[in-house]
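The values are calculated or read from the model by the stated rules, or taken from the named source; none is laboratory data. This structure is a prediction, so every number in the text was calculated from the model and none was measured. In this analysis, Cβ positions are derived from the backbone assuming ideal geometry, glycine residues included, and neighbour counts consider all displayed protein chains. Note: areas computed on protein heavy atoms with side chains; ligands, DNA, RNA excluded. Shrake-Rupley method; radii C 1.70, N 1.55, O 1.52, S 1.80 Å.
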Amino acid sequence: MSQPVASREAALRIALAARTLEGLDVRALVNALAEKLELPITESKLAGLTVEDLREILAGDHADENCTVGVPPETLKQAVRVLWGEDIGGSEKPVPAAYQDGDMPGSIRVAVASNRGENLDGHFGSCENFLIYQLSPSEIRLIDVRSGLDADAAEDRNAARAAVINDCQIIFLQSIGGPAAAKVVRAGVHPLKKPKGGPAREILGEVQAVLGNPPPWLARIMGVSAGSLERYAETLDEEEA
């Protein structure tokens, strides 16, 4: 059985086009495109789509629950340009620094849900990137930038996104739903909500300040005594209330 999407590039275009179409469900768009283009969906097939093709796709059988048919013409045009491979590249991805295991003794790994630059400005289920930081009492180092969009065509999008960050101990995000949070926790990652967002390094600096007195779950990872990060997590929940 052939894969519905032939390449990572084609999958990225579809995921970004779904975002352009006001948060359209990625799998619904993949199904609708497959009916129009036949499998596998390739970059060359996407490059041949027209605005009228996309309008018909959004009005098709697969669009009933998840696709928006009353999309403004300019939004349709932008989505088609994304499917062509244009209008991709304004993400301002920060450049990670070199890192090898053992470089930062006593550190933890923290993910940040992000859309632009080194900012916490994303929701778990829709953020474009996960910024991956190694955090110690003396240093905050960006070591990787991982796409969240690559996971969006998976059957279980939340589980696939959780797998992207399963080597982290913590993820900061603006929001996350209950079922998604359960899958993140199952992956061994502790979600911390910061609804107002902000510069990632400033937020990580707040955590860095309490690393010397972590909660029990983090203490077991680091081999140190437990304490104040739990209270820090509680203050983040209070901000949301």
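Remarks
- The set of residues in segment 119-157 being charged (D, E, K, R) and either without any contact (Cβ under 8 Å) to a residue 40 or more places away in the chain or surrounded by fewer than 22 Cβ atoms within 10 Å (Cβ to Cβ) (or both) consists of 121, 128, 139, 141, 144, 146, 150, 155, 156, 157.
- Failed criterion for residue 213 (all others in (1) at pLDDT below 90; (2) open to solvent by 60 Å² or more (accessible area, probe 1.4 Å); (3) in a loop (DSSP other than H, G, I, E, B); (4) under 26 Å from residue 102 (Cβ atoms) hold): (2)
- Checked against the criteria, residue 9 does not count as more than 21 Å from residue 156 (Cβ to Cβ), assigned to a loop (DSSP other than H, G, I, E, B) and open to solvent by 50 Å² or more (accessible area, probe 1.4 Å).
- Positions within segment 96-142 being touching a helix residue (DSSP H, G or I) at 6+ places or on another chain (Cβ under 7 Å), in a loop (DSSP other than H, G, I, E, B) and farther than 27 Å from residue 152 by Cα, in sequence order: 106, 137
- All positions within segment 158-171 that are in contact (Cβ under 8 Å) with a residue 12 or more places away in the chain and small (Gly, Ala, Ser): 159, 162, 163
- Filtering segment 163-196 to residues that are among the aliphatic types (A, V, I, L, M) and touching a strand residue (DSSP E or B) at 6+ places or on another chain (Cβ under 9 Å) leaves 164, 165, 170, 171, 173, 176, 180, 181, 184, 185, 189, 192.
- Considering segment 143-169, the residues that are in a loop (DSSP other than H, G, I, E, B) and among the polar types (S, T, N, Q) include one that is farthest from residue 27 (Cα to Cα), namely 169.
- Leading residue by the ranking (nearest to residue 216 (Cα to Cα)) among those in segment 152-171 that are of a type outside the set (A, V, I, L, M) and touching a Gly at 6+ places or on another chain (Cβ under 9 Å): 169
- Number of the condition not met by residue 183 [criteria: (1) closer than 22 Å to residue 101 by Cα; (2) open to solvent by 40 Å² or more (accessible area, probe 1.4 Å); (3) of a type outside the set (A, V, I, L, M); (4) at pLDDT 90 or above]: (1)
- The helices (runs of 4 or more DSSP H) found entirely in segment 17-67 that carry 3 or more residues being at pLDDT 85 or above and either surrounded by fewer than 17 Cβ atoms within 10 Å (Cβ to Cβ) or at negative phi (or both) are 26-37, 43-47, 51-58.
- Test: residue in segment 158-176 that is of a type in the set (Ser, Thr, Tyr), buried (at least 19 other Cβ atoms within 10 Å of the Cβ) and modelled with pLDDT under 95: no
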